[in-house]
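K.L.:
Structure in structure tokens, see below.
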Amino acid sequence: MAAAAAAAAAETEGSARRKMSLRSCEICNTEEAKYRCPRCMKYSCSLACVKQHKTAFSCNGVREKTAFVSINEFSDLNLLSDYRFLEDVGRTADGAARDDTSHRPKSNKFVNFLRNRARRFDICLRTLPIGFTKRRENSTFFNNKEQKFYWHLKLLFPHSHAKFTEKRVADDKPLYDILKWYVDPQDSDPVIHQRLKTYAMSPQSDIRILMKVENRPQNSIRYEELDASKGLRDNLKGKVVIEYPTLHIVLKKFQTDMVILGHDASKSNQENSSEEEGEIHDSS
């Protein structure tokens, strides 16, 4: 199959050269074309014209490997491009699989260092054994020069069935500043904004940030509400964190089964007895 693809590629390239020889340079319009830009597909005849086209069209000359091509415009050149792209991906994946450093677990010395630094901020940081998913994906580190944590952070938006991961979150960054990228009508990413439309259309005062209380019986799960105006350093004081913080972003107007410390759960359930769109049930 690879040999057939290579043969088809050679034939396609030969055909492309013959077609190019019939065209003139699109920059100087005098000489016969010898080159074609992989990105914008402009024809040129010399290095000078290639450079001139990059300046005139703000083109970097790098082929856009994942550009959309409709089925009506799909040609042998596109097939060749996809084939080479898959080869590049395969080589990259194989290289990553052979790289021992990317699979090397963090040493106990590093983990103990994080625990000790967290203890100084009155945070009980606990880690899982090597092999657990949360242990592998945790990117939290402590900056000695700045004397602050940069947390790996997971954000769950249950009313939209969405979850996101933030890396290197400074421990003094207010939580609402973190959420702006997701729920703020002006500052949020357009794609994320559309996915989290339920949140984006709600007032800031309706947004609650909850964190699960660790070390409780499975039949007595509770959550604590965090202060959105403060950072993780202040919000995590006196709390147990397993690997990294996981925040649940919920809206007051929707009923949930999440029992919040300091709130009357039965009263909350009576006020929201009917099911609404966006209702969630914590079955963990």
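The values are calculated or read from the model by the stated rules, or taken from the named source; none is laboratory data. Since the model is a prediction, treat every value here as computed from it, not as a measurement. With ideal geometry, Cβ positions are generated from the backbone for all residues, glycine too; neighbour counts draw on all protein chains shown. Just so you know, the surface numbers come from the protein's heavy atoms only, side chains and all, with ligands and any DNA or RNA stripped out. Shrake-Rupley method; radii C 1.70, N 1.55, O 1.52, S 1.80 Å.
K.L.:
Between ARG222 and CYS40, what is the spin-label point distance in nm, taking each point 7 Å from the Cα along the Cα→C-beta axis?
P.N.:
Going from the ARG222 label point to the CYS40 one covers 6.4 nm.
K.L.:
If you filter segment 133-172 for trypsin sites (Lys or Arg not before Pro), then keep DSSP loop positions with at most 12 other Cβ within 10 Å, what is left? Write out the running numbers ahead of the final one.
P.N.:
Values: sites: LYS134, ARG135, ARG136, LYS145, LYS148, LYS154, LYS163, LYS167, ARG168; in loops: LYS145.
Counting only loop positions with at most 12 other Cβ atoms within 10 Å, the trypsin sites (Lys or Arg not before Pro) in segment 133-172 are LYS145.
K.L.:
If you don't mind, another one. Multiplying the sequence separation of HIS161 and LYS145 by 0.36 nm and subtracting their Cα-Cα distance, what value in nm do you get?
P.N.:
Numbers: separation 16, 0.36 × 16 = 5.76 nm, distance 3.85 nm.
Stretched out fully, the HIS161 to LYS145 stretch lengthens by 1.9 nm.
K.L.:
ASP257's amide H: which non-local residues (gap 5+, or another chain) put their own amide H closer than 5 Å, with H modeled 1.01 Å from N in plane and none for Pro or chain starts?
P.N.:
Hits under the 5 Å cutoff: ILE280, ASP282.
K.L.:
For segment 107-131 and segment 158-175, what is the separation of their Cα centres, given in Å?
P.N.:
First find each Cα centre; the distance between them is then 21 Å.
K.L.:
Just need the relative contact order of segment 150-244 here, percent rounded to a whole number, with Cα pairs under 8 Å and 6+ apart.
P.N.:
Numbers: 121 pairs, mean separation 26.5, N = 95.
Relative contact order comes out at 28 percent.
K.L.:
Something else about it: So for segment 25-152, averaging the separation of alpha carbon pairs under 8 Å that are six or more residues apart and normalising by length, what relative contact order in percent results? Write out the running numbers ahead of the final one.
P.N.:
Working: 93 pairs, mean separation 13.6, N = 128.
Computed value for segment 25-152: 11 percent relative contact order.
K.L.:
Further question on the same structure: Tell me, what is the per residue accessible area of segment 170-254 in Å², probe radius 1.4 Å? Don't skip to the end; give the middle numbers.
P.N.:
Values: 4180 Å² over 85 residues.
Roughly 49 Å² per residue, with all protein chains present.
K.L.:
Here's a follow-up. Within segment 169-271, what whole-number % of the accessible surface is contributed by carbon and sulfur, with the 1.4 Å probe and all protein chains included in the calculation?
P.N.:
Result for segment 169-271: 45 percent of the exposed heavy-atom area is carbon or sulfur.
K.L.:
Between VAL241 and residues 5 or more places away or on another chain, which pairs have amide H atoms under 5 Å apart, with H built 1.01 Å from N, and which residues are they?
P.N.:
CYS124, LEU125, ARG126
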